[in-house]
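Working notes for the structure below.
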Amino acid sequence: MGTLTKNDIVRTLAEKHEEEIAQTRRIVQGTLDLILDALLRGDKIELRNFGVFKVVEQRERKARNPRAPQQEYLIPVRKVVKFEQGRIMDEKITQPSMKGGIQPLNRKPAESKNEPPRVPGQTNP
């Protein structure tokens, strides 16, 4: 596994479409700029079958420092970008990983039906 960078995208597209790298870089950067500008305006970006980007507001919440759990902090209302995957991404990534469906956890075998239910704090005869 690796990381796909903007530069990797530019070079791959330039080679695939036999274009100059500089021109391809301007197109890729222009596309990213358009997406950012739309999100700043509060618009939703819908890329059919790939996914949807939108800005959502997270409500104010309390948080704790794991190293000092007694300290509480207030995280103010803030805006974040949310991504919802599209149909093709769901079919190619999520669904194959769910092959076999959701399986129940292995739990202790159920107690015999003849035994009375156990009540915490009581001892059984």
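The numbers here are math on the coordinates, done by the rules we state, and not lab data. Keep in mind the model is a prediction, meaning the values are calculated, not measured. For neighbour counting, all protein chains shown are included, and Cβ atoms are generated from backbone atoms with ideal geometry for every residue, glycine included.
Every residue, every condition in (1) within 30 Å of THR31 (Cα to Cα); (2) assigned to a strand (DSSP E or B); (3) without any contact (Cβ under 8 Å) to a residue 40 or more places away in the chain, yes or no:
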{"residue": "LYS62", "(1), (2), (3)": "no, yes, yes"}
{"residue": "PRO69", "(1), (2), (3)": "no, yes, yes"}
{"residue": "GLU72", "(1), (2), (3)": "no, yes, yes"}
{"residue": "LYS82", "(1), (2), (3)": "yes, yes, yes"}
{"residue": "THR94", "(1), (2), (3)": "yes, no, yes"}
{"residue": "LYS99", "(1), (2), (3)": "no, no, yes"}
Every residue in the stretch 10-37 that is under 20 Å from MET89 (Cβ atoms) and either hydroxyl-bearing (Ser, Thr, Tyr) or within 22 Å of the chain's Cα centre (by Cα) (or both), please. THR12, THR31, LEU32, ILE35
Identify, please: which residue in the stretch 39-77 is of a type in the set (Gly, Ala, Ser) and closer than 30 Å to THR94 by Cα and is, among those, surrounded by the most Cβ atoms within 10 Å (Cβ to Cβ)? GLY51
